[in-house]
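Bear in mind that the values in this text are calculations on the coordinates, not laboratory data. None of these values were measured; they are calculated from a predicted model. Positions of Cβ are backbone-derived with ideal geometry, glycine not excepted, and every protein chain shown enters the neighbour counts.
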Amino acid sequence: MKLLYLVHVLATVVWVGGMFFAHQCLRPVVLAQLEGPQRLRLWSGVFGRFFPWVWLSVLLLLASGHGLIYAFGGFRAVPMHVHLMTGIGYLMAAIFAFIYFVPYARLRRAVAAEDWKAGAAAQDLIRRLVGTNLVLGLANVALVFVLPVLS
């Protein structure tokens, strides 16, 4: 069971920490120092490196989360905050899958075609969705500590 916890925490750190770094640290510097085409090329490259790690994190989070739930006796045996965390996790995974298959695909195509207007629109949607997932991810982490204390 300790291994499942470790996998779950490490996958969370990679995904949520990566979103925090990209959204709150890298993005402001990129905006201040690079022109539009350079920014879009950079983001396409950054996402190309980060998104495989997110896919791995999503798979590990789902597997370890369900493994932990099973170890505690299944969904009927776990507290309500675990149900809430699971739902948020699935929502985050769905948002990420949308990011990957829709605006990220558009961003890659736009950068390859040097269509900077389409690339900027795709990047803006990615930024907003990553921001949403970041808030959801931080809220999910907080649920680990807040709801058990309140119940």
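See the values below:
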read-out: Cα pair count fraction exceeding 23 Å, expressed as % - the chain; value: 41 percent
read-out: Reciprocal of mean inverse Cα separation for region 19-60 (Kirkwood radius, Å); value: 11.1 Å
read-out: Near-label residues of region 128-142 by backbone N, under 12 Å of a point 7 Å along Cα→Cβ of L31; value: 128
read-out: Acute angle (nearest 10 degrees) that the helix 116-150 long axis makes with the longest principal axis of the chain, alpha-carbon atoms; value: 20 degrees
read-out: Per-residue HN-Hα couplings for region 65-77 [Karplus 6.51, -1.76, 1.60; θ = phi - 60°; Hz; x = Gly/Pro]; value: x, 5, x, 5, 4, 4, 5, 8, x, x, 4, 5, 9
read-out: Estimated distance in nm for a label pair at F20 and R108, the labels positioned 7 Å out from Cα along Cα-to-Cβ; value: 2.9 nm
read-out: Euclidean distance of C-alpha centroids, region 27-57 and region 80-133, integer Å; value: 13 Å
read-out: Estimated distance in nm for a label pair at Y5 and A63, the labels positioned 7 Å out from Cα along Cα-to-Cβ; value: 2.1 nm
read-out: Helix-only mean residue ellipticity at 222 nm for the chain, each DSSP H run of n ≥ 4 adding -39500 (n - 2.57), per residue, nearest 500; value: -30000 deg cm²/dmol
